[in-house]
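Everything on this sheet refers to the single structure shown next.
The values are calculated or read from the model by the stated rules, or taken from the named source; none is laboratory data. Values in this document were obtained by computation on a predicted structure and should not be read as measured data. With ideal geometry, Cβ positions are generated from the backbone for all residues, glycine too; neighbour counts draw on all protein chains shown. For accessibility, only protein heavy atoms count, side chains too; no ligands or nucleic acids. Shrake-Rupley method; radii C 1.70, N 1.55, O 1.52, S 1.80 Å.
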Amino acid sequence: MNIVSTKQEVRNQVKAWRKEGLSVGFVPTMGYLHEGHESLVKRAVAENDRVVVSIFVNPMQFGPKEDLATYPRDLEADSKLCEAAGAALIFHPEPEEMYEDTFCSYVDMNGLTNALCGLSRPVHFRGVCTVVNKLFNIVMPDKAYFGEKDAQQLAVVKRMVKDLDMDIEIVGCPIIREEDGLAKSSRNTYLSKEGRQQALVLSKAIFAGKDMVEKGERNPEVVKKAMLDIINSAPMARVDYVEIVDVATMKNVDVITGEILCAIAVYIGDEARLIDNFMISV
Ligand code: PAF
């Protein structure tokens with residue numbers, strides 16, 4: 001496995017693979033990889049001849065008061081995980097390689113991004129769409145792999161690829177959880193022992209909400225209320241949102257029917273803002 005830091009090196013490598021007729025899978029990440037990322041890399045390795053992983057903490061998708069400076073980084077551990085999972089290339093650029101001083105072109109979206117995380121993180125999806133677009137243009141993969149934990153991001157990327165006629169298959173992969181239920185996230189590392197314990201209200205609320213829908217509850221307000229009660233039972237938890245939306249539009253639903261996303265975002269004290277969700281078709 002090689003680690004490169006320039007766009008040109010990625011392009012040269014991918015061109016060489018293409019000449020050999022090899023297919024290319026791509027896993028974009030911000031690093032500090034955990035078993036969730038590992039599952040994406042392994043899936044990509046199983047479905048493609050060669051796999052590129054990008055590790056880039058993208059400044060453009062962080063708001064001014066967000067955790068860009070403190071976002072955890074560990075290239076050595078990330079490299080080991082990628083190599084063991086079978087990746088062929090890591091692209092680890094510096095911000096200057098991705099954004100020249102003169103940079104002024106963006107990919108933006110309406111609609112899907114005006115809900116859920118887009119409301120409390122107004123610049124986030126413009127940054128995600130722009131960097132993912134750039135990474136796709138650099139790597140030119142056949143397939144790209146995204147975690148369902150970031151369900152809105154997955155929907156946004158799928159829509160961008162469709163709207164902008166990109167010839168890339170977007171593959172969503174299931175949420176990976178700790179044994180006690182907490183969804184794996186690089187941001188879990190911010191949690192104190194107490195915060196880590198109280199953060200379990202996220203997965204508890206998700207499991208309870210899913211169970212209610214599976215048992216036939218179709219009123220989103222009833223499901224949301226039950227989930228809010230669970231989250232609010234943790235003194236450190238402050239709800240950003242608990243929403244039940246249509247997966248295709250990210251708009252709130254009056255009745256739970258069709259392809260549904262139930263998504264939550266919760267602050268644990270001032271330690272971390274965590275997200276979790278379930279998707280269900282009823
Ligand atoms: O999900 C992430 O880690 C990031 O949003 C992504 C897709 C790598 C873009 O920076």
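Numerical summary
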{"quantity": "Number of the condition not met by residue 173 [criteria: (1) within 16 Å of the ligand (Cβ to nearest atom); (2) surrounded by fewer than 18 Cβ atoms within 10 Å (Cβ to Cβ)]", "calculated": "(2)"}
{"quantity": "Helices (runs of 4 or more DSSP H) wholly inside the stretch 49-158 containing at least 2 residues that are within 13 Å of the ligand (Cβ to nearest atom), under 18 Å from the mean Cα position of the chain (by Cα) and basic (Lys, Arg)", "calculated": "124-139"}
{"quantity": "Residue 214 vs. criteria open to solvent by 30 Å² or more (accessible area, probe 1.4 Å) and more than 13 Å from the ligand (Cβ to nearest atom)", "calculated": "yes"}
{"quantity": "Residue within the stretch 227-248 that is at pLDDT 95 or above, of a type in the set (Asp, Glu) and open to solvent by 60 Å² or more (accessible area, probe 1.4 Å) present", "calculated": "yes"}
{"quantity": "All positions within the stretch 109-122 that are of a type outside the set (Lys, Arg) and within 24 Å of residue 27 (Cβ to Cβ)", "calculated": "109, 112, 113, 116, 117, 118"}
{"quantity": "Residue match in the stretch 192-199 (condition: closer than 19 Å to residue 257 by Cβ, open to solvent by 20 Å² or more (accessible area, probe 1.4 Å) and in contact with a strand residue (DSSP E or B) (Cβ under 8 Å, 6 or more places away or on another chain))", "calculated": "no"}
{"quantity": "Selected residue [at pLDDT 95 or above, more than 21 Å from residue 90 (Cβ to Cβ) and touching a Gly at 6+ places or on another chain (Cβ under 7 Å)] from 182, 154, 164, 191", "calculated": "154"}
